[in-house]
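Inspection log for the structure reproduced underneath, given as structure tokens.
The values are calculated or read from the model by the stated rules, or taken from the named source; none is laboratory data. Predicted model only: the values in this text are computed from it and were never measured. Here the Cβ positions follow ideal geometry from the backbone for every residue, glycine too, while neighbour counts run over all protein chains shown. Calculation scope for accessible area: heavy atoms of the full protein, side chains included, ligands and nucleic acids excluded. Shrake-Rupley method; radii C 1.70, N 1.55, O 1.52, S 1.80 Å.
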Amino acid sequence: MTSRLFLTFPFLLATLLGQDARPAKANYELASRWSPQKVAKMVFDVSVVPHWFEGGDRFWYSHETSQGRKFTLVDPTRKSKSPLFDHARMASMLTSLTRIPYDAQHLPVENPHLMRKDTVLLFQISVPPESEIPGLPKVDKKDAGASTTQSSADPIEDDPEDPQQRRAASAEAAATNRLVYFEYDFATAKLVLLPDYKAPRKPRWVSLSPDAKTVIFARGQNLYSMDEANYARALVKEDDTSIVETQLTTDGEENFGYARRLNEEEKRQMNLRTKNPRVPAIPILWSQDAKKISMIRNDQRKVAELWVINSLSSPRPTLESYRYAMPGEVNLPQAHLELFDLPTKSRVKVKADQFQDQALSIYSAPVTYREREAVRMFAVERTGEQDVPQQGQAGPPPGPSPKWLSESPTRLYFNRTSRDLKKIDICVADTATGEVKTLIEERLNTYLEFKPLRLLGDGKELIHWSERDGWGHYYLFDADGKLKNQITSGEYHTESIEAVDEKTRTLYFAGNGREKDEDPYYNHLYKVGLDGGGLKLLDRGDGSHTASLSDSGKYFVDTYSRINREPSSALVDSTGNAILELEATDISALKEAGFDAPQPFAVKADDGVTDLYGVMYKPFDFDPKKKYPIIAFVYPGPQTESVTKTFNPRSPNLALAQLGFIVIEVGNRGGNPARSKWYHNYGYGNLRDYGLADKKSAIEQLARRNSFIDINRVGIYGHSGGGFMSTAAMLVYPDFFKVAVSSSGNHENNIYNRWWSEKYHGVKEVKDKDGNIKFEYTIERNSDLAKNLKGHLMLATGDIDDNVHPAATLRVADALIKANKRFDLFFLPGKRHAYADAVNYFFWLRADYFVKHLIGDFSQPVDMFELNREREQSTDKARARVTN
């Protein structure tokens with residue numbers, strides 16, 4: 001009774017004094033109503049993805065709303081859009097052919113693709129295995145799922161724009177389905193069932209040449225090839241003893257081989273049963289004439305091992321071992337750039353050595369839309385395989401393999417970077433001799449970034465991206481690497497080349513930060529002359545834009561939105577003129593359910609000068625008279641600040657806020673590469689603490705502006721780098737941050753991967769009097785400050801995380817134990833860095849922790865009803881559907 005009086009007296013006193021009372025109970029019912037699964041039934045597609053016709057600028061797209069999925073044909077020259085086919089007639093034809101009833105609102109069309117020079121549409125439908133369809137043999141239920149697509153239950157923190165995830169059934173249920181294929185002829189408007197059609201496939205071990213005549217793969221640690229005819233036999237029966245393979249190498253060995261490392265999940269997916277199976281080779285890049293290949297082979301024989309134990313392996317736990325270089329270590333992977341001439345079976349080693357412990361990267365050719373579409377054809381999500389035609393089938397063309405940047409088989413473009421990332425050389429190699437010419441040198445006193453190189457006239461000119469003037473811009477060089485002119489300039493950031501028109505000498509690029517009175521992170525499409533003149537904005541509108549260009553470059557589909565503005569899509573021409581409105585996302589069901597968009601805000605960094613940008617989520621039952629705890633979702637960067645810029649009603653932070661919190665995302669100096677180089681490099685040399693003062697200052701400013709924020713109840717959470725940052729916040733500012741949930745954090749960056757830690761924190765290159773080079777590395781760790789903990793901290797990790805090793809979390813736990821601190825430690829068994837099917841569970845676990853320690857609500861039962869009530873119960877396990 002004393003305890004209850006102690007807890008309730010402050011609220012009673014506040015009421016008597018006329019002060020705002022704190023919410024004493026979390027609103028679990030409201031939060032569960034805004035899970036991604038619930039939201040997926042209120043808002044559907046939020047963008048238009050064009051599928052461009054071959055040899056023209058027409059395209060089709062599909063778009064789902066609460067009225068069903070519609071397929072639309074767009075003709076830019078006529079400025080028109082119309083149904084791709086008669087939806088009601090399609091439903092009628094499908095019903096007649098399958099004897100399964102359909103209607104126009106519930107068309108089962110899946111995976112549609114243009115075929116036969118875009119005269120027909122090939123698609124599939126999924127039917128129950130026991131269905132008796134005229135013209136098709138009856139299939140036993142046990143064999144029905146052999147070629148189906150499997151998906152896992154929709155996770156609460158997954159991609160909100162992926163319709164496959166929204167409608168995903170359990171893998172168990174999907175495996176019972178049968179796929180049936182159809183062709184729809186546009187000219188005759190007739191639908192034909194394809195009784196003998198077999199979905200083309202491509203095993204994961206295959207690297208297919210651009211002309212589809214040669215396959216490269218690995219056996220053991222060596223490289224092999226087979227021709228088109230033998231590949232066809234392998235597709236029918238992988239262990240066919242008549243298959244002829246050509247061994248290309250004999251020098252491959254463990255940790256210095258040609259086979260890509262597979263973790264245990266990948267091995268299970270590939271169902272490797274033979275003693276020496278075909279496996280994927282290390283990444284292969286093909287010459288555009290398909291006669292040569294290149295690869296970077298890393299010698300890891302001296303790199304130390306790391307291990308994780310999979311306790312869930314059956315029948316016994318298993319030890320998984322892999323090579324893992326840590327910062328400051330002497331023994332790092334040594335990169336070798338190798339070339340193979342397939343007709344002559346000769347090998348050339350590129351003479352790329354320049355820097356000690358350097359890294360190498362090969363530049364690849366830009367991928368056309370048609371090539372991307374080919375990759376998408378018949379993707380098997382269950383295994384991650386990308387499908388290509390079997391021998392003799394009239395299936396879709398093979399998807400693209402990565403190709404060399406140059407059309408010439410005599411030139412290979414690549415770059416090399418020093419270990420400290422302060423030096424980058426852009427180079428070209430003679431593929432006959434292996435001789436190397438340095439074209440462009442980049443040097444800086446902090447780390448350098450690079451982006452894809454683009455060739456004009458197949459190497460007569462180069463378009464190169466650099467931050468040499470403090471901002472990311474494009475530069476034009478001649479074939480020998482002599483600077484001709486800077487193409488873009490000014491205090492804004494260029495992100496990517498979207499297209500180049502060599503005839504008009506025009507560059508189309510994505511960039512941000514140029515438009516005044518906008519959030520500087522909003523993306524836009526621009527065009528500019530290669531001489532730097534005529535810069536023009538092509539997609540107007542105060543929001544973040546995504547452009548999907550046709551291969552001709554004449555048109556693009558522009559989709560734009562803000563966090564507080566629903567997306568809309570339009571067709572725009574290359575001069576920036578709007579041609580046709582396509583779709584606007586319908587959010588009426590969201591509003592009817594009580595949706596209120598999160599609000600963007602701007603604050604100053606701790607220096608009082610630098611602008612930071614963020615987003616605030618409020619409960620939909622928000623009462624301005626109440627005081628709410630505030631929770632910051634954080635990621636320190638430097639790759640990204642993880643601040644949402646586009647419309648996303650499925651955000652986990654939106655659901656978290658409904659429990660009774662104000663939830664924010666906000667940037668910090670050093671957090672994002674899409675601003676100035678000064679901004680991005682702010683944290684260089686101070687990787688633990690650099691963003692914390694800005695997060696604290698942002699919360700303080702928001703509390704001063706908004707009386708409903710309780711500055712005495714501040715929570716913080718994040719994953720990976722955010723896990724590292726949230727724990728650091730509790731230890732660096734222990735009187736300010738009161739509760740943290742830190743998942744899979746790289747708390748000890750001295751044992752995190754070498755590349756990330758050394759790049760963003762810095763490693764010192766030291767040369768002695770004899771010219772010998774060594775590298776020195778020191779960094780602050782979270783465990784160093786364990787004695788400072790005052791608030792409530794939950795540490796979590798997957799026990800087989802081979803990215804951020806569980807040791808990072810355990811070392812902080814050990815330091816906290818030695819400092820006699822109370823804290824919580826949670827292991828997710830059998831989970832790697834991303835938690836996979838435990839994401840939903842961990843969302844509610846994290847939510848409970850904040851509810852208990854920021855609201856004071858300890859009412860949670862053992863069962864997570866928020867998950868259980870969404871799980872359909874069935875006595876037939878094979879039919880059970882999981883929607884949580």
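Candidates VAL557, VAL572: the one that is more than 22 Å from the chain's Cα centre (by Cα) and assigned to a strand (DSSP E or B) is VAL572.
Which of the residues belonging to the stretch 91-128 are part of a helix (DSSP H, G or I) and either free of Cβ contacts under 8 Å to residues at least 24 places away in the same chain or exposed (fewer than 13 other Cβ atoms within 10 Å of the Cβ) (or both)? Steps first, answer last, please.
Within the stretch 91-128, the first condition is being part of a helix (DSSP H, G or I), and the residues that meet it are 91-98, 104-106.
If the condition is that a residue be part of a helix (DSSP H, G or I) and either free of Cβ contacts under 8 Å to residues at least 24 places away in the same chain or exposed (fewer than 13 other Cβ atoms within 10 Å of the Cβ) (or both), then ALA91, SER92, THR95, SER96, HIS106 are the ones that fit.
Conditions (1) at pLDDT below 95; (2) outside any strand (DSSP E or B); (3) farther than 30 Å from LYS536 by Cα; (4) open to solvent by 60 Å² or more (accessible area, probe 1.4 Å), marked per residue:
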| position | (1), (2), (3), (4) |
| --- | --- |
| GLY576 | no, yes, no, no |
| ALA597 | no, yes, yes, no |
| PRO600 | no, no, no, no |
| ASP606 | no, yes, yes, yes |
| VAL615 | no, no, no, no |
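The single condition among (1) touching a helix residue (DSSP H, G or I) at 6+ places or on another chain (Cβ under 7 Å); (2) modelled with pLDDT of 95 or more; (3) open to solvent by 10 Å² or more (accessible area, probe 1.4 Å); (4) on the phi > 0 side of the Ramachandran plot that SER744 does not satisfy is (3). Within the stretch 316-341, the residues that satisfy the criterion of being closer than 26 Å to LYS831 by Cβ and outside any strand (DSSP E or B) are ARG316, PRO317, TYR324, ALA325, MET326, PRO327.
Any chance the stretch 424-432 includes a residue that's open to solvent by 20 Å² or more (accessible area, probe 1.4 Å), among the small types (Gly, Ala, Ser) and more than 28 Å from THR368 (Cβ to Cβ)? Within the stretch 424-432, one or more residues are open to solvent by 20 Å² or more (accessible area, probe 1.4 Å), among the small types (Gly, Ala, Ser) and more than 28 Å from THR368 (Cβ to Cβ). Only a single item in (1) touching a strand residue (DSSP E or B) at 6+ places or on another chain (Cβ under 7 Å); (2) open to solvent by 20 Å² or more (accessible area, probe 1.4 Å) is not met by LEU337, and it is number (2).
Taking the numbered list (1) in a strand (DSSP E or B); (2) open to solvent by less than 50 Å² (accessible area, probe 1.4 Å); (3) of a type outside the set (Lys, Arg) in turn, GLU498 passes all entries but (2). Condition check for TRP755 on (1) over 28 Å from the mean Cα position of the chain (by Cα); (2) modelled with pLDDT under 95; (3) of a type outside the set (D, E, K, R); (4) in a helix (DSSP H, G or I): one failure, at (1).
Taking the stated definitions as given, is PHE186 under 33 Å from the mean Cα position of the chain (by Cα), at pLDDT 95 or above and more than 30 Å from LYS292 (Cβ to Cβ)?
no
Quick check: anything in the stretch 613-623 within 26 Å of the chain's Cα centre (by Cα) and either farther than 29 Å from HIS545 by Cβ or of a type in the set (A, V, I, L, M) (or both)? Scanning the stretch 613-623, I find at least one residue that is within 26 Å of the chain's Cα centre (by Cα) and either farther than 29 Å from HIS545 by Cβ or of a type in the set (A, V, I, L, M) (or both), so the answer is yes. Of all residues assigned to the stretch 782-791, none qualifies as being open to solvent by less than 20 Å² (accessible area, probe 1.4 Å), under 23 Å from the mean Cα position of the chain (by Cα) and closer than 18 Å to GLY637 by Cα. Selection of the stretch 626-648 for residues being crowded, with 24+ Cβ neighbours inside 10 Å and closer than 16 Å to PRO36 by Cα yields only PHE647. Scanning the stretch 617-650 for residues that are under 16 Å from ARG713 (Cα atoms) and among the aliphatic types (A, V, I, L, M) gives ILE630, ILE631, ALA632. Taking the stretch 209-315 as the region of interest, the strands (runs of 3 or more DSSP E) fully inside it that hold 2 or more residues being among the polar types (S, T, N, Q) and either open to solvent by less than 80 Å² (accessible area, probe 1.4 Å) or at pLDDT 95 or above (or both) are 222-227, 292-299.
What about PHE59, is it of a type in the set (A, V, I, L, M, F, W, C), surrounded by fewer than 20 Cβ atoms within 10 Å (Cβ to Cβ), over 30 Å from LYS852 (Cα atoms) and in contact (Cβ under 8 Å) with a residue 60 or more places away in the chain? Criteria not met by PHE59.
Exactly one residue out of ALA40, ALA88, ALA26, ALA31 is closer than 30 Å to HIS545 by Cβ and either at pLDDT 95 or above or crowded, with 18+ Cβ neighbours inside 10 Å (or both): that is ALA40. If you take the residues in the stretch 343-357 that are in contact (Cβ under 8 Å) with a residue 12 or more places away in the chain and open to solvent by 30 Å² or more (accessible area, probe 1.4 Å), which one is farthest from ASN749 (Cα to Cα)? Selected residue: PRO343. Mind checking which residues of the stretch 635-675 are modelled with pLDDT of 95 or more and of a type in the set (Asp, Glu)? The answer is GLU665, and nothing else.
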